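As structure tokens, the structure follows; a few thoughts come after it.
Each reported figure results from applying straightforward, stated rules to the coordinates on display, with no laboratory input. Everything numeric in this text was worked out from a predicted model, so none of it was measured. Cβ atoms come from the backbone with ideal geometry, glycine included; neighbour counts cover every protein chain shown.
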Amino acid sequence: MPREFKRTDRVGAELQRELSELIRNELGDRRYAMVTLQEVRVVRDFSHATVYFTILGDQLDRRETTKELNHAASFLRHELGRRMRIRTVPQLHFQYDESVERGAALSELIDRSVAKPGDDGEASEG
């Protein structure tokens with residue numbers, strides 16, 4: 001009988017919990033309070049992990065935050081090694097997660113296409 005969760009999924013979830021706490025408490029910049037980690041995907045041999053995050057802000061903030069998080073990746077990896085009990089702490093690669101924005105845009109498109117022409121959401125008088 002197959003297991004419900006793969007080990008890489010469990011390690012990814014644990015990395016996500018620990019990284020959230022580290023980013024919030026150890027990086028010391030209040031801008032990181034707006035960072036939300038969506039998912040951590042770990043490769044099978046645990047050598048690399050991609051950390052998907054979202055942030056409230058404009059495109060420039062997203063690029064800058066991605067750059068800063070990738071710059072802090074070695075510090076975060078070191079701290080993860082101190083906190084977690086795993087043999088290999090993966091190299092961290094931060095990537096902005098656009099799926100939330102794409103989902104909202106698709107939802108808006110669906111709502112507009114379903115709405116009747118001339119229907120502005122208000123009850124008609126009659």
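Extension gain, H48 to M84: 0.36 nm times the residue separation minus the Cα-Cα distance gives 11.4 nm.
Each Cα pair under 8 Å and six or more residues apart adds its sequence gap; the mean of these over the residue count of the range 7-114 is a relative contact order of 27 percent. Of the Cα atoms belonging to the chain, the radius of gyration and Dmax stand at 19.9, 72 Å.
When both bridge partners sit in the chain, DSSP labels roughly 55% of those beta bridges antiparallel. Principal-axis analysis of the Cα atoms of the chain puts helix 7-26 at an angle of about 90° to the longest axis. What's the FRET efficiency of L109 with Q38 using the Cβ-Cβ distance as r and R₀ = 35 Å, to the nearest 0.05? Efficiency for this residue pair is about 0.95. Compute the signed sum of charges (Lys and Arg +1, Asp and Glu -1) over the other residues within less than 11 Å, Cβ to Cβ, of E39. Charge balance in the 11 Å sphere: -1.
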